[in-house]
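A.B. asks: Sharing a structure below in structure tokens format, with a few things to ask.
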Amino acid sequence: MPPKKKKQPRNAFFFFMMDWKKEKEEQGQRFKNLLEVTALCSEDWKHLPEHNVRIYKQMEKEAKGQDKDDKANKFNSLGVPYTQIDNAKREQELANQKMYSDIDNMLAALATKDCDGSSLKNHCFYLIHTNVYCYWGEKKKYIPAEVAISKFNLTNGVLDTYHVFPAPHDTNGDIPLGYRYEVKQNTDSVHNIPDPRDFDLVERDWDKIRREVFNFLEVRGTTGFPLIFTMSGDDANTNCYEMASRSFLEDVSIYSDESFRLYDLSLFFFKFYEVCQDMAVKMFDDQEEAFIVQGVAHQQLNRDIYNFAEGITCEFHANTDLYHNCSKSFVQRWVFLICEFCCKAMQIKLVPGKHCISSAKVSLSYMDNDSRKRSQLTASAVSSDLKNLTLGTSPQNPPAGAWGGRMHTEAKTQPIDKEVLFIDRSKVPDPTQIRVLQTGQSANVVSEFMPEPSNVRLPTTRGRGETLARALSLHNAAANPSLSSDDFPALGSSRPGRLEKPLSTGWGRGFLKQQ
């Protein structure tokens, strides 16, 4: 079926043409189609008086308004009006613009307030994470099961953490009818938090929760809420974090004059690290590469190298198998990851338990109190420290964007000794004197590399057996003009070569030895 043609907009000339056609038809003139009408009335349109043109321009303007109104009666395949979709996109764009503007204005004000960066270092930021019981389809919101909010700054790291298990707000502390199976699934596979009816730690007094949250966020009155950040995105986990935290904050601010501003944590991290790098250039004349795009900051936050660290979970989750999914653990781990980069840029020494996990050992200092420069270590000290440096992951595969060794643990890696063979191929005079070592035999041809002769014939392609032919062809071409890969069949080939016996192993598994 051919695609449906798009409806052409009705302009001023269209309305003139229809009036002209109607007038001519009343006079007895007939037309084959509108193309003929267009050609005939074009000249009259050019000489039409200005006041008549304005009339048709007004008709065009009114028609465009009617066409726009008709869009409300058009629906997509899911039955959603296109006007509703357009309005949602427009609202999302305005919300994103406000988020960018609020974060930029906040960080710019802190960075320009003083020359030593003390305002940026000492300003308190808030991160929130929420575990959920289920998604309530009727209300189109998540029902929070656990909420944690962390307060931190660069100077002192984690200052305090608020933690609560709130009872469902809209259902008198109970799970909505028909959602207990979904609650049990989340309990068993995500957070181990039982049904609120069977949980002694659940908090049912929402007035108490509101007072505690307002006091923790240092809110005086019902306005002036600080910015709060959490992970957001299109995947199920980050979308759940954002929507569940937003549901909780809406219930907290239900009696307030304004709503909390919940923004993307990865965007804040991206902007915050960029400002810290700019401050480092001004204060210390030292700069490292900032994140190129926001996606890099999102990836760094998802590294989660502290997820199995002890001592950062709540008392309830400390005795469960899913302790790494504790909301209190999440908000503190995010602080550690942010401090990992931003404290380095601002040359702030890390404090275990505040900027990083308690078991981490800070081996290097960022600051020289006299010159405000990095402390210089001797080569022997650096060599000694590098043996133990790690960020909690495999020492052979450090995470992307690591500090270059600011922390180390007690674990040590044992070096693996590998035998290195140097084969002097220029001392092999004749291919007939070559034999191939079987796997397991010791090779004793060890010497320095010799410069290769200039009159060397090397194969242009590397087919079967070509690697071995490449090694043996480092002789005068005239000495053996017929040497090629046919003399050296591939591993596993049944075709014998022209040597006395077939090759039993390849170049990569044995070594050439001079007899």
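The values are calculated or read from the model by the stated rules, or taken from the named source; none is laboratory data. Every value quoted in this text rests on a predicted model; they were computed, and no experiment measured them. Reconstructed Cβ throughout: ideal geometry from the backbone, glycine too, with neighbour counts over all protein chains shown. Note: accessible area is taken over every heavy atom of the protein model, side chains too, but ligands, DNA and RNA are not part of it. Shrake-Rupley method; radii C 1.70, N 1.55, O 1.52, S 1.80 Å.
A.B. asks: Name the residue, out of HIS169, HIS129, that is at pLDDT below 90 and touching a Phe, Trp or Tyr at 6+ places or on another chain (Cβ under 7 Å).
C.D. replies: The conditions single out HIS169.
A.B. asks: On the basis of being at pLDDT 85 or above, within 30 Å of LYS74 (Cβ to Cβ) and over 60 Å from the mean Cα position of the chain (by Cα), does ASP44 make the cut?
C.D. replies: Spelling it out, it is not the case that ASP44 is at pLDDT 85 or above, within 30 Å of LYS74 (Cβ to Cβ) and over 60 Å from the mean Cα position of the chain (by Cα).
A.B. asks: Quick test of your reading of the structure: TYR179 fulfils all but one of (1) farther than 20 Å from PRO226 by Cβ; (2) open to solvent by less than 30 Å² (accessible area, probe 1.4 Å). Name the failing condition by number.
C.D. replies: Just one mismatch for TYR179, condition (2).
A.B. asks: Might you check whether a residue that is part of a strand (DSSP E or B) and at negative phi occurs anywhere in region 52-70?
C.D. replies: No, that holds for no residue.
A.B. asks: Give region 226-282 a look and list any residue that's at pLDDT below 90 and β-branched (Val, Ile, Thr), or say none.
C.D. replies: Scanning region 226-282 gives THR238, ILE254, VAL281.
A.B. asks: Report, by residue number, each residue of region 72-106 that is open to solvent by 90 Å² or more (accessible area, probe 1.4 Å) and at pLDDT 85 or above.
C.D. replies: Correct list: LYS89, ARG90, GLU91, GLN92, GLU93, LEU94, GLN97, LYS98, TYR100, ASN105.
A.B. asks: Right, next: So which residues in region 289-323 are surrounded by 15 or more Cβ atoms within 10 Å (Cβ to Cβ) and among the hydrophobic types (A, V, I, L, M, F, W, C), if there are any at all?
C.D. replies: ALA290, PHE291, VAL296, ALA297, LEU301, ILE305, ALA309, ILE312, CYS314, PHE316, LEU322
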